[in-house]
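A short write-up of the structure that comes next.
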Amino acid sequence: MGKVCSVLSGRPMANLEEVVTVVKAMEHQAEEAGLPGLLNRSLTPSHTAVKQQALTGRRRSLLMGCNYLNTSNELHGCANDVRRMIPVLKKMGFASDDANQMLLLDEETWEGPKPTKANMLEALEWLVADAQPGDALLLHYSGHGGREPAEGGGYHETLVPLDFETAGMLRDTELFEKVVKRLPHGCRLTCILDSCHSAGALNLPYIFVGTEDQLKKAMAGEVVRMAMEVRWKSDLEKWAAGSSKELFSDVGSLGKNAWQMYQDGSATGFVMDEAENQGLAVGEVVAISGCRSDQTSADVADVETSFGLSGTIGSAGGALTSALVEALERMEVMEGSGSEITYADLLEQMRQELAKKGFAQVPQFVSSLLVELKQPFRLDTIWVEDESEQ
């Protein structure tokens, strides 16, 4: 009864699972007291244990870096970002031959296709056209990101092609329709978007908003707030007088409201960003973006000094790509290395490094499905139910 008493006295409990335990105990007591159905629903957490399953199909990658040379919008590190990513991807199992990797670059020495809108659409078509279950795909974009007013209010987040002034931008809704929705079940697409306003660029429904410790604190505070709103003294007086209905009802309400926070995503770290797209994507799409939808993402003049990246690629680069490469190289998360870093740890490391170096942008993790960020970071797996934990 210790946990029940802590609720009734208004003392905070350790976590939400204890609230659920208390409510279930009260539900059992209610049934014994002849009040079946009072709580009206099961409060047992239904989170399914998951594990990562390796994909054995094709691995295909598309990398686009646009510097907007000789324009008023010129950037300096976007093509460099692509070239820094290529060896990292190769170590993680993504071949760099023409059959499996496509590059769109805007730089003086590049003789291949440039990231015009038509070429970007054609390249995205190449990336997803023949996607099959078991395939692992990757999209890396470094360039400008934009925002355009949406018809019903708010904004469309965009990727900005080289010829955007005449051809227009690539809107989030267009990318969702042409890329995300077309992927089959059992296919994985990882996107790395080093651009402004990029968290919403794919219109994915879920966005991760906090670390586990931050969320636990927030949840505990919210549960305590809800507990203090209930009239426990009045309920206990009525209980002593022989009426238990009020007490069971308020305990039930507390438990339901707390459990609803789990269902809404608050306890997993994810919140709904594009609710209308929930359930429309059957493929697994995860994206690491350079910043929130309302933020800009930095083009850094000297990433070799700022991020400790060595080599002859060039000194300029995007802040997100540089932080990602730095983190992966530091942890040596390469195929066959045996080292591991979780998705949550990777995101937190990038956020901390950028903050420490004075960048205001906050990298985001967005996805088509609710995924388990405590799993090791991989580019060629999907999440499946772990039957051994059932």
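Read-outs throughout are calculated quantities, based only on the coordinates presented, and are distinct from any laboratory measurement. Treat the numbers as computed from the prediction; the structure is a model and nothing was measured. As a convention, Cβ positions derive from the backbone with ideal geometry for all residues, glycine included, and neighbour counts pool all protein chains shown.
Okay, here's what the table says:
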| read-out | value |
| --- | --- |
| Computed label-point distance, nm, for sites Ala150 and Thr342 using a 7 Å Cα→Cβ extension | 3.1 nm |
| Gain in span if fully extended, Asp98 to Val384, counting 0.36 nm per residue against the direct Cα distance | 99.8 nm |
| Projected label distance in nm at Ser315 and Arg330, using a 7 Å step from Cα toward the beta-carbon | 2.3 nm |
| Gain upon complete extension [Thr109, Ala54; 0.36 nm per residue less C-alpha separation] | 16.0 nm |
| Sites Lys178 and Lys374, calculated FRET efficiency, Cβ-Cβ separation with R0 25 Å, nearest 0.05 | 0.20 |
| Rounded, prolate or oblate (a/c below 1.5 giving rounded, otherwise prolate when a/b exceeds b/c) for the stretch 70-217 by Cα gyration tensor | rounded |
